[in-house]
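The values are calculated or read from the model by the stated rules, or taken from the named source; none is laboratory data. Owing to the predicted nature of the structure, the values given are computational and were not obtained by experimental measurement. Quick reminder, even Gly has a Cβ in these numbers, built from the backbone with ideal geometry, and neighbours come from all protein chains shown. Just the protein is used for accessible areas: all its heavy atoms, side chains included, with ligands, DNA and RNA removed. Shrake-Rupley method; radii C 1.70, N 1.55, O 1.52, S 1.80 Å.
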Amino acid sequence: MNKDIYMLAPITVKIGEPIVITLEDNPSTGFNVCLTELPSCIALISDDYIHGSNPLGMVGVPGTRRFTFIATKAGEGALKFNKIKFTHPELTILDANPMENRFVSVEG
């Protein structure tokens, strides 16, 4: 896999170390940030939405989506995220933002 195609620096961790990725998310648009590709060398531990501050009680304020992973074995691969709108009868999936995708390398 070509890790040079990623806009952000690769994430390098050792087995047992956590990885936290935080992305802007705004479910009020109908779209949610979703993990769409995960390398076999890491496992998803949690996926949490954190509401943005809205001191004036405004609705539709963006928040953040925090994904927490743990490195489980040596290897490397892509972590990819897409904004997805869960519509019927078909999903609407936006192209991935290159600034949100990361390349992960786990050292043994």
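Is it the case that some residue within the stretch 6-27 is open to solvent by less than 70 Å² (accessible area, probe 1.4 Å), touching a strand residue (DSSP E or B) at 6+ places or on another chain (Cβ under 9 Å), part of a strand (DSSP E or B) and among the basic types (Lys, Arg)? For the stretch 6-27, residues open to solvent by less than 70 Å² (accessible area, probe 1.4 Å), touching a strand residue (DSSP E or B) at 6+ places or on another chain (Cβ under 9 Å), part of a strand (DSSP E or B) and among the basic types (Lys, Arg): absent.
Within the stretch 28-38, the set of residues being outside any loop (DSSP other than H, G, I, E, B) and closer than 18 Å to Leu8 by Cβ comprises Val33, Leu35, Thr36, Glu37.
In the stretch 60-89, what residues are more than 14 Å from the chain's Cα centre (by Cα) and under 18 Å from Glu17 (Cβ atoms)? Within the stretch 60-89, Ala71, Thr72, Lys73, Ala74, Gly75, Glu76 qualify.
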